[in-house]
Amino acid sequence: MTTARRQATRQKLYQAAVTLIAEQGFSATTVDEIAERAGVAKGTVYYNFASKNDLFEELLRHGVGLLTESLRQAADDVAGHGGTPVEALDAMIRAGLVFIVRHPSFTQLYVAELWRTNRTWQETLTRVRQEAVAVVEKVLGEAVAAGELSGETDVPLTASALFGMVLVAALDWQAFRPERSIDEVHAALSRLLQGRVGGAAARP
């Protein structure tokens, strides 16, 4: 199997797994069901992944990797056009919302797994989450260094808070206020960010 073909097959398996697990839970989802939903033979699943656990661990790594790259790209685009770090943070908020709109089932699974401590993939989840938060942390640090945010800002904690805010606000939006547009949700979260900046700037 060529690399491109294998990657396409793995992508189908990721999509099938995330949809099924979101519908009925990890324990209730079988490899047979994943294979059937993906339109492949059961042996194809085991050709690509050692087990269902391995498939789910790779799914988490893949999904959070996509989110991390979208955040990084948003920040890089702003920096490439001469924007400020706070403008980059704002762009990252929107990028996070766009990702969640495109991958709602994965986001639900990811947030749910963050609260579990007995999974074999907990170490992987912790690592890939930190990689995503580190992208936000880097830009926050640049905002502090540029004087856009207070020097008293706890950068690691604030990065985690921003990352979590986007995830939880987006899930709440999708579940309870789906009539709102992404522009409205982004504007609301952006005002929280800009209000923090305004507060910092107002101090002598």
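Residues are listed down the side, and each one gets a yes or a no for (1) within 26 Å of residue 54 (Cα to Cα); (2) touching a helix residue (DSSP H, G or I) at 6+ places or on another chain (Cβ under 8 Å); (3) buried (at least 16 other Cβ atoms within 10 Å of the Cβ); (4) at pLDDT below 90:
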{"position": "74", "(1), (2), (3), (4)": "no, yes, yes, no"}
{"position": "78", "(1), (2), (3), (4)": "no, yes, yes, no"}
{"position": "94", "(1), (2), (3), (4)": "no, yes, yes, no"}
{"position": "97", "(1), (2), (3), (4)": "no, yes, yes, no"}
{"position": "102", "(1), (2), (3), (4)": "yes, no, no, no"}
{"position": "108", "(1), (2), (3), (4)": "yes, yes, yes, yes"}
{"position": "111", "(1), (2), (3), (4)": "yes, yes, no, yes"}
{"position": "118", "(1), (2), (3), (4)": "yes, no, no, yes"}
{"position": "122", "(1), (2), (3), (4)": "yes, no, no, yes"}
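Quick check on the range 53-90: of everything there that is charged (D, E, K, R) and touching a residue at least 24 places away in the same chain (Cβ under 8 Å), which residue is farthest from residue 9 (Cα to Cα)? Steps first, please.
Initially, the range 53-90 is screened for residues charged (D, E, K, R), giving 54, 57-58, 61, 69, 72, 76-77, 87, 90.
So of that shortlist, the ones also touching a residue at least 24 places away in the same chain (Cβ under 8 Å) come out as 57-58, 61, 72, 90.
On the way: 57: 16, 58: 13, 61: 16, 72: 26, 90: 35 Å.
Once the filter is applied, the top-ranked residue is 90.
For a quick check of your reading: which helices (runs of 4 or more DSSP H) sit entirely within the range 91-204 and have at least 3 residues that are under 14 Å from the mean Cα position of the chain (by Cα) and touching a residue at least 60 places away in the same chain (Cβ under 8 Å)?
On the way: elements: 104-114, 122-145, 155-176, 182-202.
Hits in the range 91-204: 104-114, 122-145, 155-176.
Taking the options 41, 91, 22, name whichever one is touching a Ser or Thr at 6+ places or on another chain (Cβ under 7 Å) and among the aliphatic types (A, V, I, L, M).
Working: 41 fails: touching a Ser or Thr at 6+ places or on another chain (Cβ under 7 Å); 91 fails: touching a Ser or Thr at 6+ places or on another chain (Cβ under 7 Å).
Of 41, 91, 22, the one residue that is touching a Ser or Thr at 6+ places or on another chain (Cβ under 7 Å) and among the aliphatic types (A, V, I, L, M) is 22.
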Exercise. Across the range 1-10, what is the number of residues that are assigned to a helix (DSSP H, G or I) and open to solvent by 80 Å² or more (accessible area, probe 1.4 Å)?
Worked result: 4
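The values are calculated or read from the model by the stated rules, or taken from the named source; none is laboratory data. Since we're looking at a predicted model, the values are computed, not measured. Because the Cβ atoms are built from the backbone with ideal geometry, glycine has one as well, and the counts that use them run over all protein chains shown. The protein model used for the area step is the full one, side chains on, heavy atoms only, and it has no ligands, DNA or RNA in it. Shrake-Rupley method; radii C 1.70, N 1.55, O 1.52, S 1.80 Å.
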